[in-house]
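What follows is a single structure, written as structure tokens, with notes after it.
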Amino acid sequence: APPASMKLRDTPSACPSLWRSLPCPPAELRLDLVLSSGQTFRWWESSPGAWTGVLGGRVWTLRQDRDRLWYTVYSEREEGRPAEAAKLDGAETDQILHDYFQLDVGLPALYRAWGAADPLFRKVADDFPGVRVLRQDPVECLLSFICTSNNHISRITTMIERLCQAFGRCLCHLDARPVHAFPSLSALAGADAEAQLRALGFGYRAKFVSGTARAIAEGLGVEGLCRLRTVPYDEARRVLCALPGVGTKVADCVCLLALDKAEAVPVDTHVWRIAQQRYGAALGGRSLTPRAYQEIGKGRVGPWCGTLGDGYSAPGASAHPFSVGDFFRGLWGPHAGWAQAVLFCADLRKGQESAGSQDRARGGRCRGSRGDGPP
């Protein structure tokens, strides 16, 4: 049967029986900050305050009020059926959202702990509550973040949309807009996939997307990739970095956003700039290279060894190699990746506002980045 065609439901007043809600105040989750900050590329603001996207092979619309997270799920068999027949399986969909947003993690308590340890975090946090880390499907997250190398959020989102349209199953049409599932591994591992991706504008990334899809399908397997959730962070990153087109930054993104490694701190130009400007890391003009990502300050008191300024001292201050991630883990603790997400979001918004002011003068577009730096 062809995909169902239906109207967007952007408020609970539209078909109230098809909406459900979870207790979730903005201090625990801000949809506008989390879904637009480069953690995922499959959600769009379908109307003011309403976010529509694909999760778990289903199409959802989410919105918030002062104390609840509201959602509706579009059924592929919904059109033409009585409203009662299309009602949600509430226990299942509640759990999907609870897992996706990791609502078992109490965010205000973490904010307080990070603020107590880090006065600079405390200055930023008041303006950016509710920034939490998503728990995504490992395959989708991995293949999506391969596309982020030397890229920016707007273009990455367009590329992922093209990927889904070309290789994914159409789930439904919302107000005549087709919405597709993320492609299967077999579709992206096919013999012609690389050529098709190049035709879609993926450039050199086409080889890595199809190559990694093939490596998982023929080797590691989806189950093997998911099992990385149970192994130590360093081991998970090592396995990921053996895949085509996956470097330390992409591996850290996947570890944090899909593999339950809350300590993973992806470092791109935003985080690098945060480290330089906010934490007294006098990097001497060094650029963000793969070597610098892994090891900074080797053999001298400097960026990640010894005193960093503003009252900070890196753990293990010595002449030993010390990574950017190690510094932030020492500062913020076992959920360092979550704290980094808050500062990344703040830095991204600041950059967008600055670019937006310039764009209004030039008539240009704002470019937000998630993918700069080593792949």
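The values are calculated or read from the model by the stated rules, or taken from the named source; none is laboratory data. Predicted model, so just to flag it, every value in this text is computed and none were measured. FYI the Cβ positions are ideal-geometry reconstructions off the backbone, even for glycines, and counts take in every protein chain you see.
If you take the residues of the range 195-217 that are of a type in the set (D, E, K, R) and surrounded by fewer than 19 Cβ atoms within 10 Å (Cβ to Cβ), which of them is farthest from residue 166 (Cα to Cα)? Here the answer is 207.
Of the residues making up the range 158-167, none is part of a loop (DSSP other than H, G, I, E, B), closer than 29 Å to residue 349 by Cβ and either touching a Gly at 6+ places or on another chain (Cβ under 6 Å) or assigned by TED's automatic domain parsing to the domain that holds residue 247 (or both). Restricting attention to the range 148-161, the residues that are touching a helix residue (DSSP H, G or I) at 6+ places or on another chain (Cβ under 9 Å) and at pLDDT 95 or above total 3.
Does residue 187 satisfy being touching a Phe, Trp or Tyr at 6+ places or on another chain (Cβ under 8 Å), closer than 23 Å to residue 56 by Cα, of a type in the set (A, V, I, L, M) and surrounded by 14 or more Cβ atoms within 10 Å (Cβ to Cβ)? Spelling it out, residue 187 is indeed touching a Phe, Trp or Tyr at 6+ places or on another chain (Cβ under 8 Å), closer than 23 Å to residue 56 by Cα, of a type in the set (A, V, I, L, M) and surrounded by 14 or more Cβ atoms within 10 Å (Cβ to Cβ). If you scan the range 191-226, which residues turn out to be not hydrophobic (A, V, I, L, M, F, W, C) and not in a helix (DSSP H, G or I)? 192, 201, 203, 204 - these are the residues of the range 191-226 that are not hydrophobic (A, V, I, L, M, F, W, C) and not in a helix (DSSP H, G or I).
Which of the residues belonging to the range 81-116 are over 14 Å from residue 22 (Cα atoms), modelled with pLDDT of 95 or more and among the hydrophobic types (A, V, I, L, M, F, W, C)? Those that are over 14 Å from residue 22 (Cα atoms), modelled with pLDDT of 95 or more and among the hydrophobic types (A, V, I, L, M, F, W, C): 105, 107, 109, 110, 113, 114, 116. Of the residues making up the range 26-55, those that are over 15 Å from the mean Cα position of the chain (by Cα) and surrounded by fewer than 17 Cβ atoms within 10 Å (Cβ to Cβ) are 26, 27, 45, 47, 48, 49.
Screening the candidates 131, 231 for the property of being crowded, with 16+ Cβ neighbours inside 10 Å and modelled with pLDDT of 95 or more yields one hit, 131. On the stretch given as the range 245-263, residues that are within 15 Å of residue 135 (Cα to Cα) and in a loop (DSSP other than H, G, I, E, B) total 5.
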